[in-house]
Amino acid sequence: TTKSTPSKRLASRPLVRFFTADTIVVVSPEKCTITAADKADIEKAVYWDNFQTRPVYVYKTERELTKKDARRHIMFVGCLHQFKRTNLFQIPVTKASKGFRFDNRQFDNPQDSFFYINPGANRMYLCKNNPEARHAFFAIGGTPFALHVFRNNRLIMTGYNI
């Protein structure tokens, strides 16, 4: 067997693969705009090797999303319960009136948020219940699991091994 180099091992991880795209479309619901702090966190996330270039981030609302965008890596940011196009969310988390549901639990606390990356590593979801709160993922980070649920800047659940 041959040993894989650290960069090859890292590239096999979905989170790293997501950020190897040349362009990432960042989508928010119409009524939950991305804050300057959100943009700074998104654009300062470093998941690439030294030889890779930083992706270009294109910010759109869900209404501005086109069929052409579907071929790009898309990051959904904002309040899940405010997104209207439910066909964009084929994920293990579901919308609730003021938050989201996972594993028969409702998360409607203003400090609740979740991170999910799909198996194809071309869709990432960084959703939170309070549009003004900083997403805990940027403060805490993640694990090898595809799904993380946070409350009050603490990781409280993980799931879906990737």
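Looking at (1) touching a Pro at 6+ places or on another chain (Cβ under 6 Å); (2) modelled with pLDDT of 90 or more; (3) over 23 Å from Gly142 (Cα atoms), can you tell me which one Cys32 breaks?
It is condition (2) that Cys32 fails.
Considering only strands (runs of 3 or more DSSP E) fully contained in the range 41-131, which possess at least 1 residues that are among the aromatic types (Phe, Trp, Tyr) and open to solvent by 40 Å² or more (accessible area, probe 1.4 Å)?
Where strands (runs of 3 or more DSSP E) fall fully within the range 41-131 and carry at least 1 residues being among the aromatic types (Phe, Trp, Tyr) and open to solvent by 40 Å² or more (accessible area, probe 1.4 Å), they are 56-61.
Please state which one of Ile140, Ile156, Ile117 is touching a residue at least 60 places away in the same chain (Cβ under 8 Å) and either touching a strand residue (DSSP E or B) at 6+ places or on another chain (Cβ under 7 Å) or farther than 22 Å from Lys39 by Cα (or both).
None of the other options fit; the residue is Ile117.
In the range 132-159, how many residues are part of a strand (DSSP E or B) and among the small types (Gly, Ala, Ser)?
2
Give the range 11-29 a look and list any residue that's surrounded by 16 or more Cβ atoms within 10 Å (Cβ to Cβ) and modelled with pLDDT of 90 or more, or say none.
Listed by number, the residues that qualify are Ile24, Val25, Val26, Val27, Ser28, Pro29.
If you go through the range 139-162 one residue at a time, how many are within 14 Å of the chain's Cα centre (by Cα), hydrophobic (A, V, I, L, M, F, W, C) and crowded, with 17+ Cβ neighbours inside 10 Å?
4
The values are calculated or read from the model by the stated rules, or taken from the named source; none is laboratory data. Values in this document were obtained by computation on a predicted structure and should not be read as measured data. Reconstructed Cβ throughout: ideal geometry from the backbone, glycine too, with neighbour counts over all protein chains shown. These area figures cover heavy atoms from the full protein model, side chains too; ligands, DNA and RNA do not enter into them. Shrake-Rupley method; radii C 1.70, N 1.55, O 1.52, S 1.80 Å.
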